[in-house]
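Step one of this worksheet: look at the structure below.
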Amino acid sequence: MPDHAGPPGTATTGAAPGDGSTGSRPAPRRWAVALSGLLATAVALAVTELGAGAVPGARSLVLAVGDAVVDSVPGWLERAAIATLGTADKPVLIGTVLLVCAVLGAVVGLLGRRHRTAACLAIAAVAAVGVVASFADGRTNPLLAVVVGGLGAAAGIATLLVLLRAAPHTADTHADADAAPATRAGSAGTPDAGTGEARGVQRRPFLQLVVVAAAVAAAGATAGRWLTSPDRVEQIRAALRLPAPAQPAPPVPADADLGIAGLTPLFVPNEDFYRIDTALTIPQVDSTTWSLSIGGMVDRPYRLTYAELLAMPHLEADITLACVSNQVGGQLVGNARWQGVPLRALLDRAGIQRGATQLLGRSVDGFTAGFPVRTALDVEDAMVAVAMNGEPLPARHGFPARLVVPGLYGYVSATKWLTAIDLTTFEDEAGYWIPRGWAREGPVKTQSRIDVPRATAPLSPGRQPIAGVAWAPTRGIEQVEVRVDDGPWQSARLAAALDVDTWRQWVLEWDATPGRHTLSVRASDGTGETQTDQRTPVAPDGAAGRHTIQVVVAEA
Ligand SMILES: Nc1nc2c(c(=O)[nH]1)N[C@H]1C(S)=C(S)[C@@H](COP(=O)(O)O)O[C@H]1N2
Ligand SMILES: [Mo]
């Protein structure tokens, strides 16, 4: 009696290690090969995850595929997905990629039932898709992607071969008495069944290997995710000490924040600050291995580590950041105190070459945003920021470094998880959103918003504030006016101005009378320009129009 305690099938597969017919030899059971393929794919993915976590500059192939999907779907579909799925769009996408991998894995296993070489090649092909997706968005070092993908494929193929050899057969002449009894003899309904031999299904050794493969996959994936986990980067971030800025922001006047209940605070706390980005998962960038390169059309390209960036003289500035997708009256705008290195200092050191017209920021996640070189040099306080409201940038707002440029919408300027600043031209390369239907240049439009009263809140008659915020970064807010119903435009009281780049709170005391009322606001910026009444949609260059709300005041 042959001993099959070792990897079963070693004696029988020697004749047909690869493709080709297995002759009269029984084929492994379908469920077993499907499971083998699934696990082989899982092990392959886990190894790529581990590689992505362990090697700086490498990145998850699963996420690369997800991002490639996001990048290649038409803009309208991306917006529709965001509209219908909301913040669930990203988990749904990643889940879909994993599900497709699982199905492909099972199919690969079934293929491996009779065609092992083909199945091995199929696993390599799945890994290759991930590698190619990594090339496409250019966010990983291509060589690292090949290495990580290759290791994953090798691990997957090895797993597949081991499991296929061990997979129980529909009929097996070498039935092992210790294995599960042949209770299902004849029930499989395969052509091989019913040879009259004792049919043992060698399940136990196979299932042991299944457990091992599943454990390897789970451990690899967990370790890989841990290495890039928020917890780890959060620990690094929490231990950081920021230098005192060489050029601190001017003191905040006492009456810069009116302190009205329900009114957005002058500085939006980091936890409440709006977040907009295309990232599937918040990039967790290790500041100890991160660096920023300054290159392209410059005389002296160079690279800075995080420590070097911290060692340069810092500037502190209060800058209101706005999203081009902000609707009139919307919440995609916020004000924070930023600290970082002035862009001009970084550019002077590199020496900008004649002909460079665009400064393109590149993110570790492949996102890019570009704006005129002139803006980078002329707009005071444009910076590579490392801190937000007195703490290192939160991961979701771009840790370890991001661009902040007063007066420009985020989509053309505020690159988070910044990894490179390239001097180029607008003809040579366009930022992420430009080919997706957004304007090449994105100056922030003068806007104002009513925060108080809330349109939905029940109001009682009598004296109460109408209050909100108004912004026109780089130009400043000169005047805010409020109109009740068809009355005259009345000047609101403005909070003290911090800076032209900072929004201003405003308030108008209103003697509310019972009934339904329409409240409108309009701001005038430092150039004397007043907000237009003409509403335009957010695309292509930001919403225009005045915020108007309806309120109902109860009877006394
Ligand atoms: N890497 C990266 N940076 C990015 C984006 C992005 O999608 N990816 N979105 C930009 C846009 S559209 C805006 S409005 C701001 C928002 O910055 P916040 O999320 O810190 O508020 O980030 C900008 N920087
Ligand atoms: Mo944005």
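Does any residue of the range 103-123 turn out to be surrounded by fewer than 16 Cβ atoms within 10 Å (Cβ to Cβ), at pLDDT 90 or above and closer than 17 Å to T48 by Cα?
There is no residue in the range 103-123 that is surrounded by fewer than 16 Cβ atoms within 10 Å (Cβ to Cβ), at pLDDT 90 or above and closer than 17 Å to T48 by Cα.
Under 9 Å between Cβ atoms, at least 6 apart or on separate chains: pull out the pairs that start in the range 316-328 with a residue that is touching a residue at least 40 places away in the same chain (Cβ under 8 Å) and end on any residue that is assigned to a loop (DSSP other than H, G, I, E, B) and among the polar types (S, T, N, Q).
A317/T502; D318/T502; I319/T502; T320/T502
Here is a check on your reading of the model: is A401 within 21 Å of P269 (Cβ to Cβ), of a type outside the set (K, R) and near ligand 1 (Cβ under 10 Å from one of its atoms)?
No.
Take the conditions within 16 Å of ligand 2 (Cβ to nearest atom), charged (D, E, K, R), surrounded by 24 or more Cβ atoms within 10 Å (Cβ to Cβ) and closer than 21 Å to C323 by Cα and apply them to K445. Does it pass?
No: the conditions fail for K445.
When only residues in the range 268-281 that are part of a loop (DSSP other than H, G, I, E, B) and more than 16 Å from ligand 2 (Cβ to nearest atom) count, which is surrounded by the fewest Cβ atoms within 10 Å (Cβ to Cβ)?
Looking at residues that are part of a loop (DSSP other than H, G, I, E, B) and more than 16 Å from ligand 2 (Cβ to nearest atom), I get P269.
Yes/no per residue for (1) at pLDDT below 50; (2) of a type in the set (D, E); (3) over 30 Å from the mean Cα position of the chain (by Cα):
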position	(1), (2), (3)
E197	yes, yes, yes
Q202	no, no, yes
V211	no, no, yes
A217	no, no, no
I236	no, no, no
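Could you tell me whether any residue of the range 421-430 is under 29 Å from L263 (Cβ atoms) and either within 16 Å of ligand 1 (Cβ to nearest atom) or surrounded by fewer than 22 Cβ atoms within 10 Å (Cβ to Cβ) (or both)?
Taking the range 421-430 first, the residues under 29 Å from L263 (Cβ atoms) are none.
Within the range 421-430 (the criterion being under 29 Å from L263 (Cβ atoms) and either within 16 Å of ligand 1 (Cβ to nearest atom) or surrounded by fewer than 22 Cβ atoms within 10 Å (Cβ to Cβ) (or both)), the answer is no, since none of the residues qualifies.
Which of the residues spanning the range 288-325 are buried (at least 19 other Cβ atoms within 10 Å of the Cβ), at pLDDT below 95 and more than 16 Å from ligand 1 (Cβ to nearest atom)?
none
Collect the residues in the range 516-556 that are within 33 Å of the chain's Cα centre (by Cα) and touching a residue at least 12 places away in the same chain (Cβ under 8 Å), keeping them in residue-number order.
Of everything in the range 516-556, those that are within 33 Å of the chain's Cα centre (by Cα) and touching a residue at least 12 places away in the same chain (Cβ under 8 Å) turn out to be R535, V538, A539, P540, D541, G542, A543, A544, G545, R546, H547.
Looking at (1) away from ligand 1 (no atom under 16 Å from the Cβ); (2) buried (at least 21 other Cβ atoms within 10 Å of the Cβ), which is the one condition that is false for V333?
So the condition that V333 fails would be (1).
Could you grab me the full set of residues in the range 404-420 that are of a type outside the set (V, I, T) and either within 11 Å of ligand 1 (Cβ to nearest atom) or farther than 22 Å from R300 by Cα (or both)?
Passing the criteria: P406, G407, L408, Y409, G410, Y411, S413, A414, K416, W417, L418.
Hey, does the range 341-352 have a residue that's touching a residue at least 24 places away in the same chain (Cβ under 8 Å), assigned to a strand (DSSP E or B), more than 16 Å from ligand 1 (Cβ to nearest atom) and under 27 Å from the mean Cα position of the chain (by Cα)? Reasoning before the result, please.
Step one: list which residues in the range 341-352 are touching a residue at least 24 places away in the same chain (Cβ under 8 Å), which gives 341-347, 349-352.
From what's left, assigned to a strand (DSSP E or B): 341-342, 352.
With the extra rule that they be more than 16 Å from ligand 1 (Cβ to nearest atom), the set shrinks to 341-342, 352.
After this cut, where a residue has to be under 27 Å from the mean Cα position of the chain (by Cα) as well, the list is 341-342.
Within the range 341-352, one or more residues are touching a residue at least 24 places away in the same chain (Cβ under 8 Å), assigned to a strand (DSSP E or B), more than 16 Å from ligand 1 (Cβ to nearest atom) and under 27 Å from the mean Cα position of the chain (by Cα).
Would you confirm, using the coordinates I've provided, whether P400 is surrounded by 24 or more Cβ atoms within 10 Å (Cβ to Cβ) and away from ligand 2 (no atom under 16 Å from the Cβ)?
Spelling it out, P400 is indeed surrounded by 24 or more Cβ atoms within 10 Å (Cβ to Cβ) and away from ligand 2 (no atom under 16 Å from the Cβ).
Can you find even one residue in the range 303-312 that is among the β-branched types (V, I, T) and either within 26 Å of G366 (Cβ to Cβ) or assigned by TED's automatic domain parsing to the domain that holds S413 (or both)?
Residues of the range 303-312 among the β-branched types (V, I, T): 305.
Checking which are either within 26 Å of G366 (Cβ to Cβ) or assigned by TED's automatic domain parsing to the domain that holds S413 (or both) leaves us with 305.
Yes, that holds for at least one residue.
Being touching a Ser or Thr at 6+ places or on another chain (Cβ under 8 Å) and more than 30 Å from R483 (Cα to Cα) is the filter; apply it to the range 431-454 and report the residue that is farthest from ligand 1 (Cβ to nearest atom).
Ranking the qualifying residues of the range 431-454, first place goes to G431.
Given A376, A336, which one is closer than 27 Å to S287 by Cα and within 16 Å of ligand 2 (Cβ to nearest atom)?
Details: A376 fails: within 16 Å of ligand 2 (Cβ to nearest atom).
Exactly one of A376, A336 is closer than 27 Å to S287 by Cα and within 16 Å of ligand 2 (Cβ to nearest atom), namely A336.
Identify all residues within the range 403-416 that are more than 10 Å from ligand 2 (Cβ to nearest atom) and either over 14 Å from T278 (Cβ atoms) or not assigned by TED's automatic domain parsing to the domain that holds A387 (or both); write none if there are none.
Correct list: L403, V404, V405, P406, G407, L408.
Being part of a loop (DSSP other than H, G, I, E, B) and within 16 Å of L266 (Cα to Cα) is the filter here; which residues of the range 461-507 pass it?
Correct list: A472, P473, G476, A495, A496, A497, L498, D499, V500, D501, T502, W503.
I'm trying to understand the selection: among the residues of the range 360-372, which are within 22 Å of S291 (Cβ to Cβ) and away from ligand 1 (no atom under 14 Å from the Cβ)? Please lay out each step first, then the result.
At the first step, the residues of the range 360-372 found to be within 22 Å of S291 (Cβ to Cβ) are 360-370.
Of everything in the range 360-372, nothing turns out to be within 22 Å of S291 (Cβ to Cβ) and away from ligand 1 (no atom under 14 Å from the Cβ).
Given the options V373, V379, V386, name the one that is at pLDDT 95 or above and crowded, with 24+ Cβ neighbours inside 10 Å. Break it down stepwise before answering.
Numbers: V373 fails: crowded, with 24+ Cβ neighbours inside 10 Å; V379 fails: crowded, with 24+ Cβ neighbours inside 10 Å.
The match here is V386.
What is the residue count in the range 284-322 for residues that are among the aromatic types (F, W, Y) and part of a strand (DSSP E or B)?
Qualifying residue count for the region: 1.
Is it true that some residue in the range 273-282 is out of contact with any strand residue (DSSP E or B) (no Cβ under 7 Å at 6 or more places or on another chain), among the charged types (D, E, K, R) and modelled with pLDDT of 95 or more?
Yes, the range 273-282 contains a residue that is out of contact with any strand residue (DSSP E or B) (no Cβ under 7 Å at 6 or more places or on another chain), among the charged types (D, E, K, R) and modelled with pLDDT of 95 or more.
The values are calculated or read from the model by the stated rules, or taken from the named source; none is laboratory data. Since we're looking at a predicted model, the values are computed, not measured. Ideal geometry is used to build each Cβ from the backbone, glycine not excepted, and the neighbour counts take in all protein chains shown.
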